[in-house]
Structure formats: structure tokens, C-alpha cells
Amino acid sequence: MKRTVLILAAVGLLAACGGGTDSAEAGPETSQPSRQQETQASGGGEADKEEWILQITAGDTRLEAVPEDNRSAEELRELLSEGDLTVEMEDYGGFEKVGPLGTALTRCDELITAEPGDVILYQGNQITIYYGTNSWNFTRLARIKDPSGLKEVLGEGTIPVTFSLAEKE
């Protein structure tokens, strides 16, 4: 019995992290309608799905990142729809900048190798921008379109980085 509950909980968690999974596939643990179901219920189709870009501003440089198709990125979009978010980010390990989100997002962790330009959710409540590589259990939120020169853009030490929404062109 205990094992069945754990398996069902794991399936529910995985379904919450996958992009476009509707609740009928996720099992009884998922009570919230998916974004796809909400769009269908409102009479719209895929064309009505809101498209967005994650805009990242560090100093005078504005970067664009393409969001992942997972629940964590969707929650980030919902958070940013309330206004821009500025995070004090610090160097960590010589390969990333990290800072507190001020809230927790759903974790969709999987073993990945983060690369320069990856925007990662770490431990559910921190956001990181990679300018190097690292393998660990992470949730990818987005990928910067052009990560060339990213380490120079982010500089050394603590830097305020602003995350905001931009519509896809």
C-alpha cells in the first residue's frame, strides 16, 4: 500500500512538471486544470496560447531567453506577470550566478548538464544563470538565445539582474 502511494505521488509530480500534460493523464492527484485544458475550455486553440520570452537585464545588457515547456517555467511566467523581478546574484563555483527568487516554484528536477546560457531553478527557490557547465539535478527554466560573452556581461561579484516578460516576436 505504501509503495503504491509513493508511486502515485511520483507520477503526479512528474505530470505536473511535463509540458502540456493534461490532468486525465496525470491521475487523481492533479486537481488543477492544465494550461492546455484552460485554453480549450475558453474556446481557443494552440494559436491562442500566450507566447513569451524571458527578458534578462544585467547592467546595460538585455538578453532574451526561450522558456522551457514545463510547470516551473509557467510558474515563473505567472510570477513575472505581476511585475519585474530583480535578484541580487552572486558567483558560485566559477560557473554560475545564483540568487534567491523570494518564493518557491515547482521543482521538475532531472539530471542534466547545464551549459552557458541556461537559466536554472535550483532547490525550488533560487535562480541561476550558467556561464560554464555543471551536471546535477536541476530544473531548466529557459535558455538564453545568444550566450556568447555571458561571463563578461554578468561580471564578477554581486550584480542585480532583472527578469521580466517580453512577448515573442
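Among residues belonging to segment 151-164 that are in contact with a Leu (Cβ under 8 Å, 6 or more places away or on another chain) and crowded, with 18+ Cβ neighbours inside 10 Å, point out the one that is nearest to Tyr131 (Cα to Cα). Across segment 151-164, the extreme among qualifying residues is Val153. Only one entry of Glu96, Glu88 meets the criterion of being without any contact (Cβ under 8 Å) to a residue 40 or more places away in the chain and either over 18 Å from Val66 (Cα atoms) or crowded, with 17+ Cβ neighbours inside 10 Å (or both), and that entry is Glu96.
Glu78 meets all of the listed conditions (1) free of Cβ contacts under 8 Å to residues at least 12 places away in the same chain; (2) of a type in the set (Asp, Glu); (3) closer than 18 Å to Val161 by Cα but one, namely (3). Pairs are defined by a Cβ separation below 7 Å, a sequence spacing of at least 6 or placement on different chains, a first member in segment 126-137 that is assigned by TED's automatic domain parsing to the domain that holds Asp91, and a second member that is aromatic (Phe, Trp, Tyr); the pairs so defined are Thr128/Tyr122; Tyr130/Phe95; Tyr131/Phe95; Gly132/Phe95; Thr133/Phe95; Asn134/Phe95.
If you go through segment 135-150 and keep only what is crowded, with 18+ Cβ neighbours inside 10 Å, farther than 17 Å from Arg77 by Cβ and modelled with pLDDT of 95 or more, you end up with Pro147, Leu150.
Go through segment 137-153 and count every residue that is in a helix (DSSP H, G or I) and under 12 Å from Leu63 (Cα atoms).
Total satisfying the criteria: 2.
The values are calculated or read from the model by the stated rules, or taken from the named source; none is laboratory data. These figures come from a predicted structure and were not determined experimentally. Note that each Cβ is placed from the backbone with ideal geometry, even for glycine, and that neighbours are counted across all protein chains shown.
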